[in-house]
Amino acid sequence: MNPLRVSPLLPFLSGAVAFSEPVGFASLEAYGQKGTQGGGELPAVIVHNAIELQREVERLDLKDKSARDQSPRVVRLAGDIDLGELANEKPGRELLKVGSIQPRPHTTIEGPPGGATLRHGIIDLKGTHDVIVRNLRFRDLWENDPTGEYDQMGWDYVRIANSGKTQSHHLWIDHCDFGKVYDGQLDVVHGSDLVTISWCRFAGDPDHPQKKGLLFGHSSSANAVAADRGYLNVTIEHCWFKDLGSRSPRLRTGNVHFVNNLVESVESATISVSGGATWVDHCIYRNCKVASTWSHADDSIEKNRAGRLKITNSLRQPEAKGSPTDFIDSPGPFAFNKPAAWTWEDLGKLPYPVKCDPVDGLEPQLKTRTGPQP
């Protein structure tokens with residue numbers, strides 16, 4: 001297993017961008033799956049519009065439905081695609097055509113060198129596994145909500161959830177760029193597991209921040225916490241968060257390794273509650289009112305909904321007053337939560353090798369290498 005450090009991008013062949021191996025939780029062997037491989041090294045199927053993209057990722061060309069989950073495929077966008085053409089999601093007041101696709105297992109969805117943009121739509125990773133999404137930009141899934149709550153539409157650019165009793169697991173989101181969206185930029189909920197998010201950019205606008213970033217665990221209710229217990233294991237590495245209201249990320253119940261990330265101008269950044277355990281490792285926070293916390297709002301220690309937080313080798317740069325090292329760990333010894341479906345020998349340590357980049361020099365590489373690559 002490779003250490004947790006992404007190597008520079010390799011030269012691409014035949015118009016395809018060559019990426020490194022998945023790292024973190026998505027690299028683990030579990031659920032009968034040896035890491036995350038997506039469509040592997042199969043020749044890419046090139047798609048030009050939403051209809052073609054849906055057909056290929058959902059295997060609609062295969063009449064035998066049982067074969068759809070056993071047919072690996074690499075699907076590459078020829079250029080930008082408007083998912084609104086599908087119009088299979090609830091419309092809004094301004095956005096009248098919103099579409100979604102539901103990739104089957106063993107799928108890679110990728111943009112060409114330089115990336116491609118998906119507009120007006122959602123990648124719905126629902127009850128699937130072994131899927132890679134990379135080199136894409138997500139745009140134009142936002143409309144103004146006069147209430148300011150943004151809870152009428154369930155529009156997330158990428159949502160990872162179960163389908164009945166079928167859980168999603170082994171999912172890798174890599175080198176993607178997430179713009180403003182009505183609800184959340186990326187959600188991992190309903191007992192999903194073994195997810196890695198790497199080299200991605202999550203941003204709003206300086207004058208109009210994105211309200212919600214990344215949410216892991218859809219609710220703090222007793223039923224939701226029970227359903228998620230032992231799941232929601234997520235690695236976030238080498239990502240850049242900028243101009244967000246909150247959720248960089250917000251974790252309930254599960255485990256997050258948050259490593260080598262830059263978080264700028266986020267009101268309430270890294271939140272770990274409802275028993276969730278988050279390790280902030282070699283990260284930079286700048287101009288964040290709440291950089292990190294294990295007790296927050298309705299999920300507070302006073303209401304017995306606190307989480308756990310460990311911060312190592314990280315830097316906080318306040319806008320005005322304060323020390324660069326005024327992070328506060330949660331009280332007591334730190335340990336991750338025990339997984340429900342695979343073995344983790346020592347919950348005080350990560351279940352995969354780690355080699356972090358030092359904080360000094362981290363920012364320039366994140367600002368040039370996050371998002372789609374040439």
Residues in region 97-123 that are within 22 Å of residue 374 (Cα to Cα) and not in a loop (DSSP other than H, G, I, E, B): how many?
-> 8
Can you find a residue in region 125-141 that is over 15 Å from the mean Cα position of the chain (by Cα), more than 19 Å from residue 235 (Cβ to Cβ) and aromatic (Phe, Trp, Tyr)?
-> no
Region 332-374 - residue that is hydroxyl-bearing (Ser, Thr, Tyr) and part of a loop (DSSP other than H, G, I, E, B) and, of those, nearest to the chain's Cα centre (by Cα) | 370
Does residue 187 meet the test of being surrounded by fewer than 24 Cβ atoms within 10 Å (Cβ to Cβ) and either touching a residue at least 12 places away in the same chain (Cβ under 8 Å) or in a strand (DSSP E or B) (or both)?
-> no
Of those in region 192-244 that are assigned to a loop (DSSP other than H, G, I, E, B) and aromatic (Phe, Trp, Tyr), the residue surrounded by the most Cβ atoms within 10 Å (Cβ to Cβ) is 231
Where a residue in region 271-286 is in contact (Cβ under 8 Å) with a residue 60 or more places away in the chain and its partner, wherever it lies, is surrounded by fewer than 24 Cβ atoms within 10 Å (Cβ to Cβ) and of a type in the set (Asp, Glu), with Cβ under 8 Å and at least six apart | 282/357; 284/363
Taking region 338-356 and keeping only residues that are under 18 Å from residue 227 (Cα atoms) and either aliphatic (A, V, I, L, M) or surrounded by fewer than 11 Cβ atoms within 10 Å (Cβ to Cβ) (or both), one is left with 340, 341
Residue satisfying all of: in region 30-42; in contact (Cβ under 8 Å) with a residue 24 or more places away in the chain and not in a loop (DSSP other than H, G, I, E, B); nearest to residue 256 (Cα to Cα) among these | 30
For residue 272, indicate whether it is hydroxyl-bearing (Ser, Thr, Tyr) and over 21 Å from residue 333 (Cα atoms).
-> no
Considering residues of region 280-294 that are touching an Asp or Glu at 6+ places or on another chain (Cβ under 8 Å) and part of a loop (DSSP other than H, G, I, E, B) only, the residue surrounded by the most Cβ atoms within 10 Å (Cβ to Cβ) = 288
Taking region 306-325 as the region of interest, how many residues are modelled with pLDDT of 95 or more and over 23 Å from residue 356 (Cβ atoms)?
-> 1
Pairs, please: C-beta under 9 Å, at least 6 apart or cross-chain, first residue charged (D, E, K, R) and in region 49-74, second at pLDDT below 95?
-> 59/65
Looking only at region 43-59, which residues are outside any helix (DSSP H, G or I) and surrounded by 13 or more Cβ atoms within 10 Å (Cβ to Cβ)?
-> 44, 45, 46, 47, 49, 58, 59
Only one of 130, 145, 140 is among the acidic types (Asp, Glu) and buried (at least 22 other Cβ atoms within 10 Å of the Cβ); which?
-> 130
All but one of (1) basic (Lys, Arg); (2) closer than 25 Å to residue 139 by Cα; (3) crowded, with 24+ Cβ neighbours inside 10 Å hold for residue 252; which doesn't?
-> (2)
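The values are calculated or read from the model by the stated rules, or taken from the named source; none is laboratory data. All values derive from a computational prediction rather than experimental measurement. All Cβ positions, even for glycine, are placed from backbone atoms using ideal geometry, and neighbour counts span all protein chains on display.
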